[in-house]
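Participant: Below: one structure in structure tokens.
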Amino acid sequence: MLVGIYSKLSPPAMVLHLFTCSHLGGTPAPGEAEVSEAGWFEPDEARRRVTHPPSAQRLADALDPNGVVYRAYRGDPYGEIVSHLLRD
């Protein structure tokens, strides 16, 4: 299920689509150099561990879905420019 659409407006610009999903099997493992750890965490522990502001916002949206959200932001320093609930 789609949770959010996020537009990073500062370079490098990007659009991210965030979905919820179900685990079917296997063991979580880092797959990229920029990912240092992968695992299953309780929501409060995940919130504590994810400290990068854009990632923390996306995690909060996924853990407490109010519908599909659109957020536009700039990075470094993080600043949300616009936020809209697209669908509940």
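The values are calculated or read from the model by the stated rules, or taken from the named source; none is laboratory data. Treat the numbers as computed from the prediction; the structure is a model and nothing was measured. Using ideal geometry, Cβ is built from the backbone for each residue, glycine included, and neighbour counts are taken over all protein chains shown. Protein only, heavy atoms only, side chains kept; ligands, DNA and RNA dropped before computing areas. Shrake-Rupley method; radii C 1.70, N 1.55, O 1.52, S 1.80 Å.
Participant: Scan the range 18-32 and report the pairs whose first residue is part of a loop (DSSP other than H, G, I, E, B) and whose second residue is exposed (fewer than 10 other Cβ atoms within 10 Å of the Cβ) and among the polar types (S, T, N, Q), with Cβ atoms within less than 8 Å and a gap of 6+ or a chain change.
Facilitator: Going by the 8 Å Cβ cut-off, the qualifying pairs are PRO30/SER36.
Participant: Oh, and also: Does the range 63-75 include one or more residues that are touching a helix residue (DSSP H, G or I) at 6+ places or on another chain (Cβ under 8 Å) and either among the hydroxyl-bearing types (Ser, Thr, Tyr) or loosely packed, with under 12 Cβ neighbours inside 10 Å (or both)?
Facilitator: Yes, the range 63-75 contains at least one residue that is touching a helix residue (DSSP H, G or I) at 6+ places or on another chain (Cβ under 8 Å) and either among the hydroxyl-bearing types (Ser, Thr, Tyr) or loosely packed, with under 12 Cβ neighbours inside 10 Å (or both).
Participant: Which condition does ARG47 not pass, out of (1) open to solvent by 100 Å² or more (accessible area, probe 1.4 Å); (2) charged (D, E, K, R); (3) at pLDDT below 95, if it passes all the others?
Facilitator: Unmet condition: (3).
Participant: Suppose we keep only residues that are over 16 Å from TYR78 (Cβ atoms) and either touching a helix residue (DSSP H, G or I) at 6+ places or on another chain (Cβ under 7 Å) or touching a residue at least 24 places away in the same chain (Cβ under 8 Å) (or both) within the range 2-17. Which one would you say is least open to solvent (accessible area, probe 1.4 Å)? Steps first, answer last, please.
Facilitator: Initial filter on the range 2-17 (over 16 Å from TYR78 (Cβ atoms)): 2-3, 5, 15, 17.
Next, only the ones that are either touching a helix residue (DSSP H, G or I) at 6+ places or on another chain (Cβ under 7 Å) or touching a residue at least 24 places away in the same chain (Cβ under 8 Å) (or both) stay: 2-3, 5.
Details: LEU2: 49, VAL3: 4, ILE5: 40 Å².
Only one residue tops the list, namely VAL3.
Participant: Among (1) modelled with pLDDT of 95 or more; (2) over 18 Å from VAL15 (Cβ atoms); (3) among the aliphatic types (A, V, I, L, M), which single condition is ALA72 missing?
Facilitator: (2)
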